[in-house]
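Worksheet: the structure to be examined is printed underneath.
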Amino acid sequence: MLAWEDYPARYLQGTKSARQHQNAQLESFMTELTAAAQRALNLMDLTTLNEDDTDEKVIALCRQANSPAGHTAAICIYPRFIPIAPQNAA
């Protein structure tokens, strides 16, 4: 039989094991979620096809195409902005 003094230590040990298991499951879930988000980002395109587009708007859009999480699949802009896109998308 378990002595009263030993109960808290034994209880905490079991709790720690359960917490470790939960943390491992959460970490696995977050890894999968991060991978799915990165895949989704890589399939998206950024588009600006507004009549009032300016060089500044297109440059800002191009800079959003690359992030620490990855890059978008494409940048959709009017042909007149193509000369400024490559140097700002890198």
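Work through the residues other than Gln87 whose Cβ is under 15 Å from its Cβ and net out their charges, Lys, Arg +1 and Asp, Glu -1. Can you show the working numbers first?
Values: positive: Arg63; negative: Asp55, Glu56.
It works out to a net charge of -1.
Around Asp55, under 14 Å between beta carbons, what's the net of Lys plus Arg minus Asp minus Glu among the other residues?
Numbers: positive: Lys57, Arg63, Arg80; negative: Asp52, Asp53, Glu56.
Neighbourhood net charge equals 0.
What FRET efficiency comes out for the pair Ser17/Thr47, r = Cβ-Cβ distance, R0 = 35 Å, nearest 0.05?
Working: r = 50 Å, r/R0 = 1.44.
The computed FRET efficiency comes out at 0.10.
Could you go through region 36-41 in sequence order and give the Karplus-derived ³J(HN,Hα) for each residue, using 6.51 cos²θ - 1.76 cosθ + 1.60 with θ = phi - 60°, rounded to whole Hz, and x for Gly and Pro?
5, 5, 5, 4, 4, 4
Provide Rg over Rh for region 42-90; use the alpha carbon set for both Rg and the Kirkwood Rh (inverse mean inverse pair distance).
Answer for region 42-90: 0.94.
If you stretched the chain out fully between Thr34 and Ile82, how much longer would it get, using 0.36 nm times the residue separation minus the C-alpha to C-alpha distance?
Gain on stretching Thr34 to Ile82: 14.1 nm.
Please compute the net charge surrounding Tyr78, taking Lys and Arg as +1 and Asp and Glu as -1 over other residues with Cβ under 12 Å from its Cβ.
Net charge in that neighbourhood comes out at -2.
No value in this document is a laboratory result; all are computed from the given coordinates. If you're wondering where the values come from, they're calculated on a predicted model, not measured in any experiment. Methodologically, a virtual Cβ is constructed for each residue, glycine included, from the backbone with ideal geometry; neighbour enumeration extends over all protein chains shown.
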